[in-house]
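Can you read through this structure? Questions will come right after.
The values are calculated or read from the model by the stated rules, or taken from the named source; none is laboratory data. Keep in mind that what you see is a predicted model, and the values were worked out from it rather than measured. Backbone-built Cβ (ideal geometry, glycine too); neighbour counts: all protein chains shown.
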Amino acid sequence: MWTFFSTFMGVLVGLRFRPVDTSFYDLFTTSAQHLVGGAELLAEMLSETSDKANVAERMRAAEHAADETTHAIVKKVNSTFVTPFDREDIYALGSGLDDVMDMMDEAVDLILLYEVKTLPPELSEQVEVLQRCAELTAEAMPRLQSMKSLDDYWIEINRLENTGDRNHRRTLAKLFSGEFKTIEVLKLKDIVESLEGAIDAFEKVANTVEQIAVKEG
């Protein structure tokens, strides 16, 4: 009887405390750190004195580095027998982080391609929201391993996304106020939508983290 009990408890412990590859958390942290750098480049791009071609080139390099990290996450999922949490959630989180970088890269690229010389000051407010989202996300990723103290993260990201929505509406109202020429409105609207898309993508990442924490908690 004792042998059976010991074996049974051993199985339970093995299931409860299964060995996992902790390098996943390092990859998520690296991915989020790419976003901090991307947000900084986006802020630099908005400066009237910036060398926009140079900033765009550095952003492309940053986006490529982020892609490499995303590919590393996917490769590790496909080659790892036991993952720290559900494979679908790992894919979703890795993809979500990559989507944020893509949207920021798009905004920078549009500013360069459209040769926009003067940007409404309201765009700086959106970039400040993006920078804060990036910082919070980079701080949250290492805590995935313990799944602790993450609720403040997604609550604050949600608040920032609401702030971004308000900024977005005010910016659109200004664009259509008659202050800008039609062609400028069309160009700026594309940039504004890219910034909004990046903020929404940050909220999607936070929602994914919340779902993982609930399932694993």
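To keep it simple, each residue is scored yes or no on (1) at pLDDT below 95; (2) among the basic types (Lys, Arg).
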position: 39; (1), (2): no, no
position: 43; (1), (2): no, no
position: 53; (1), (2): no, no
position: 72; (1), (2): no, no
position: 76; (1), (2): yes, yes
position: 92; (1), (2): no, no
position: 102; (1), (2): no, no
position: 107; (1), (2): no, no
position: 115; (1), (2): yes, no
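Scanning for something closer than 22 Å to residue 192 by Cβ and in a loop (DSSP other than H, G, I, E, B), does the stretch 55-72 turn up at least one residue? Before you say what the answer is, go through the steps one by one.
Restricting attention to the stretch 55-72, the residues satisfying the condition of being closer than 22 Å to residue 192 by Cβ are 55-56, 59-60, 62-63.
Those still in the list that are in a loop (DSSP other than H, G, I, E, B) too: none.
No, every residue in the stretch 55-72 fails to be closer than 22 Å to residue 192 by Cβ and in a loop (DSSP other than H, G, I, E, B).
Scanning the stretch 31-53 for residues that are among the polar types (S, T, N, Q) and assigned to a helix (DSSP H, G or I), which turns out surrounded by the fewest Cβ atoms within 10 Å (Cβ to Cβ)?
Going through the stretch 31-53, the residues among the polar types (S, T, N, Q) turn out to be 31, 33, 47, 49-50.
This time we only want the ones that are assigned to a helix (DSSP H, G or I), so: 31, 33.
Working: 31: 27, 33: 17.
Among them, the one singled out is 33.
Now for a separate question. Write out, first by first residue and then by second, each pair whose Cβ atoms fall under 8 Å of each other, whose residues are 6+ apart or on separate chains, and whose first residue, in the stretch 85-114, is in contact (Cβ under 8 Å) with a residue 12 or more places away in the chain and farther than 20 Å from residue 210 by Cα while the second is among the polar types (S, T, N, Q) and in a helix (DSSP H, G or I).
103/194; 104/194; 106/194; 107/194; 110/194
Here is a further query. Go through (1) in contact with a helix residue (DSSP H, G or I) (Cβ under 9 Å, 6 or more places away or on another chain); (2) closer than 23 Å to residue 94 by Cα one by one and return the number of the condition residue 168 breaks.
If we test residue 168 against (1) in contact with a helix residue (DSSP H, G or I) (Cβ under 9 Å, 6 or more places away or on another chain); (2) closer than 23 Å to residue 94 by Cα, just (2) comes out false.
Please go through the stretch 155-212 and pick out each residue that is touching a Gly at 6+ places or on another chain (Cβ under 6 Å) and not hydrophobic (A, V, I, L, M, F, W, C). Before the answer, list the steps.
Within the stretch 155-212, the first condition is being touching a Gly at 6+ places or on another chain (Cβ under 6 Å), and the residues that meet it are 199, 204-205, 208.
Of everything in the stretch 155-212, those that are touching a Gly at 6+ places or on another chain (Cβ under 6 Å) and not hydrophobic (A, V, I, L, M, F, W, C) turn out to be 204, 208.
Separate question: Consider residue 171 carefully, then state whether it is polar (S, T, N, Q) and farther than 18 Å from residue 99 by Cα. Reasoning before the result, please.
Values: polar (S, T, N, Q): yes; farther than 18 Å from residue 99 by Cα: yes.
Yes; evaluated as a whole, the condition is true for this residue.
Of all residues being free of Cβ contacts under 8 Å to residues at least 12 places away in the same chain and of a type in the set (Val, Ile, Thr) in the stretch 136-183, which is surrounded by the most Cβ atoms within 10 Å (Cβ to Cβ)? Just the residue, please.
Top of the filtered list is 155.
Whether any residue in the stretch 9-30 is surrounded by 15 or more Cβ atoms within 10 Å (Cβ to Cβ), modelled with pLDDT under 95 and of a type in the set (Phe, Trp, Tyr) is what I want to check.
Taking every residue of the stretch 9-30 in turn, at least one turns out to be surrounded by 15 or more Cβ atoms within 10 Å (Cβ to Cβ), modelled with pLDDT under 95 and of a type in the set (Phe, Trp, Tyr).
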